[in-house]
Amino acid sequence: MHVIFGGAFNGKRAYVEELVQGQRVQWIDAGEDVPVLLPVTEVLVVFGVENLLEQKHNELLVQFEQWDEQVEVLVIATEIGRGIVPMEASMRKLRDDVGRFYQQLFTKADRVTRIWYGISQTIKGDDWDENLHKNG
């Protein structure tokens, strides 16, 4: 599983579209779609995970692991934990819940890439290991 994360409108989707070009891709909005893997799918891209309530996060992690055994899974995750802390308690709880979910998601992922203003940086996975050895 490969997680691509960053701020809103930072180029995550463009990065993924370039990454999966030429493959049979299925896009799923985690907040709206009923997650069903189509039989012709080579790459599954899931987005909108930050819009789910805490109870759905555990179910989604299990689902990601099942799908990852069948196809390549890419998860686009929007960072919502930076910036001004919301005044509303419900929004602070959502922010905390999503942060905990991302920690679990990143731990399970084979690769994690941060996109910041269109620039990609692999922080977990093959490229990161290679860079560590070159610079270490």
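Only the coordinates and a few stated rules stand behind these numbers; no lab work does. Everything numeric here is computed off the predicted structure, so don't read it as measured data. So basically every Cβ, Gly included, is an ideal-geometry build from the backbone, and we count neighbours across all protein chains shown.
Each of Val62, Leu74, Val85 was scored by the projection of its Cα onto the charge dipole of the chain, and the greatest displacement toward the positive side belongs to Val85; charges sit on the C-beta of Lys, Arg, Asp and Glu. Look at His2, His57 and count the other Cβ atoms within 10 Å of each Cβ; fewest to most, that gives His57, His2.
Subtracting the Cα-Cα distance of Glu69 and Met91 from 0.36 nm times their residue separation leaves 4.5 nm of extension gain. The slack between Asp126 and Arg100, meaning 0.36 nm per residue of separation minus the straight C-alpha distance, is 6.9 nm. Shape of region 1-79 from its Cα gyration tensor (a ≥ b ≥ c, root eigenvalues): rounded if a/c is under 1.5, otherwise prolate when a/b > b/c, or oblate? It comes out oblate by the Cα gyration axes.
Taken over the chain, the percentage of Cα pairs per 10 Å bin, counting from 0 up to the bin with the maximum distance, is 11, 41, 35, 11, 1. Among the chymotrypsin sites (Phe, Trp or Tyr not before Pro) found in region 1-94, those both in a DSSP coil and sparsely packed, with 16 or fewer other Cβ atoms within 10 Å of their Cβ, are Phe9.
For region 44-109, which GluC sites (Glu not before Pro) are in a loop by DSSP, counting at most 13 other Cβ atoms within 10 Å?
Glu69, Glu88
Could you pull out the GluC sites (Glu not before Pro) across region 10-39 that fall in loop regions by DSSP (anything but H, G, I, E, B) with no more than 14 other Cβ atoms inside 10 Å? Those that pass, being in a loop and sparsely packed, are Glu32.
Placing +1 on the Cβ of every Lys and Arg and -1 on the Cβ of every Asp and Glu, with no other charges, gives the chain a dipole of roughly 500 debye about its Cα centre.
Close lysine pairs were tallied over the chain: pairs 8 or more places apart or on different chains with Cα atoms under 22 Å apart number 6. Between Leu37, Leu105, Leu74, the Gaussian network model of the chain with springs among Cα atoms under 10 angstrom shows the greatest mean-square fluctuation at Leu37. Mean residue ellipticity at 222 nm, helices only, the chain: -12500 deg cm²/dmol; runs of at least 4 DSSP H residues each add -39,500 (n - 2.57), and the sum is divided by the number of residues. The spacing between region 1-66 and region 67-114, judged by their C-alpha centroids, is 12 Å.
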